[in-house]
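Worksheet for the structure shown next.
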Amino acid sequence: MSKGKYILVDGTFVSTEEYQISLVESDAIHFTEKIRAIRTTFPFFKETLDSIRFKLFLYNQSFPEFTENDGSALRRQLERTLTKNKHYLGAILTLTLRFSGQKIQFTIQSEKTDQVGYELNEKGLYTEIFEPIKKSISTLSHLSLGSEIFWDIAKSHQKESTTDELLLVNTSDQIIETYESNMYLIKGKTAKGAGSEQGAYQDITKPLMLDVFKKLKLDYAENEGITKSDLYEADELLIVNSIKGIRWVIGFENKRYFNHTIRRITDLFNQLIFS
């Protein structure tokens, strides 16, 4: 992936190489949303807009310039950034909102993706459980706001691991998520995931995934949480988010997984996004 040469800063383009933030900006409260672009479309745009609105609500802020009229102004700024950076096919946009008092500043960056759309990885991922830090259950644990610190800690240990993804656990030793992603197990005609009751992050793709499971006649459950034994008993394992789509996990320790059902899930996932 290659980053764009320009960053949109409060409506004005600045060279990426020259862009700097002030001390006031560095001290400001901020949050970031990532948005996938596929040609001229933004999959999960409505869900992302709802997430932005909710986070603004939590911080007691409002930003009607972006959030009103179904986010039409935000969409225009995203499109401007893609055009300026000549990212016409596939890209990831990063929107950052900073609060200084009641003043809100924004930046939008774009990064070109290797694939235009969501494609299932042909080479499966290897994963292992990350246990040094266990994620607690809170009113924010289902949001990125309450999950990012755990993701960052796990990522800082990633270089010491030979695996591709680390699985996070909660304080009850239930496996709940990976970096910025939900995880699901497939066993026969059953799909299993982790819910907010276990402190799991809830990606904006989840409602669509539940619809996919229903259409494929897979019984979905998350009430009991996911254990290490569940990983060994599963036939297939996948991780999902709105940026990378569906990714197939091939191995956990000495366990190996198939991807027969995952391929069907991926096909239907892509169909429903653009239907």
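Roughly speaking, to the nearest percent, how much of the chain's 1.4 Å accessible area is carbon and sulfur?
50 percent
Antiparallel as a % of all DSSP beta bridges within the chain, to the nearest 5?
80 percent
Rolling a 1.4 Å sphere over the protein heavy atoms, what is the accessible area per residue of the chain, to the nearest Å²?
That works out to 51 Å² per residue.
What accessible surface, in Å², does a 1.4 Å probe find on TYR19, ignoring ligands, DNA and RNA and rounding to the nearest 10?
60 Å²
If each Cα of the stretch 1-158 is one equal point scatterer, what is log10 of I(q)/I(0) from the Debye formula at q = 0.10, 0.12, 0.16, 0.17 Å⁻¹?
For the requested q values the scattering log ratios are -0.43, -0.63, -1.09, -1.20.
For the stretch 125-274, state the average projected area of the convex hull of the C-alpha atoms over all orientations, rounded to one decimal in nm².
8.2 nm²
Can you tell me the 0 to 90 degree angle between the C-alpha axis of helix 72-84 and the longest principal axis of the chain, rounded to 10?
90 degrees
Answer rounded, prolate or oblate for the chain, using the Cα gyration tensor with square roots of eigenvalues a ≥ b ≥ c: rounded when a/c is under 1.5, else prolate when a/b is larger than b/c, else oblate.
Cα axes put the chain in the prolate bin.
Cα axis of helix 45-58 to longest principal axis of the chain: angle in degrees, 0 to 90, nearest 10?
70 degrees
Looking at the stretch 1-155, what % of its DSSP beta bridges pair antiparallel, to the nearest 5?
Beta bridges within the stretch 1-155, antiparallel portion: roughly 100 percent.
How much accessible area does ARG263 have with a 1.4 Å probe, in Å² rounded to the nearest 10?
Solvent-accessible area, nearest 10 Å²: 90 Å².
Taking the alpha-carbon centroid of each part, what is the distance from the stretch 113-176 to the stretch 230-258 in angstrom?
Measuring centre to centre over Cα atoms gives 13 Å.
Under a straight-distance cross-link criterion of Cα-Cα below 18 Å, which aspartates and glutamates are reachable from LYS112, leaving out those fewer than 8 residues away in the same chain?
GLU17, GLU33, GLU79
The values are calculated or read from the model by the stated rules, or taken from the named source; none is laboratory data. Bear in mind the structure is a predicted one, so any value in this text is a computation, not a measurement. Ligands, DNA and RNA are excluded from the accessible area calculation, which covers all protein heavy atoms including side chains. Shrake-Rupley method; radii C 1.70, N 1.55, O 1.52, S 1.80 Å.
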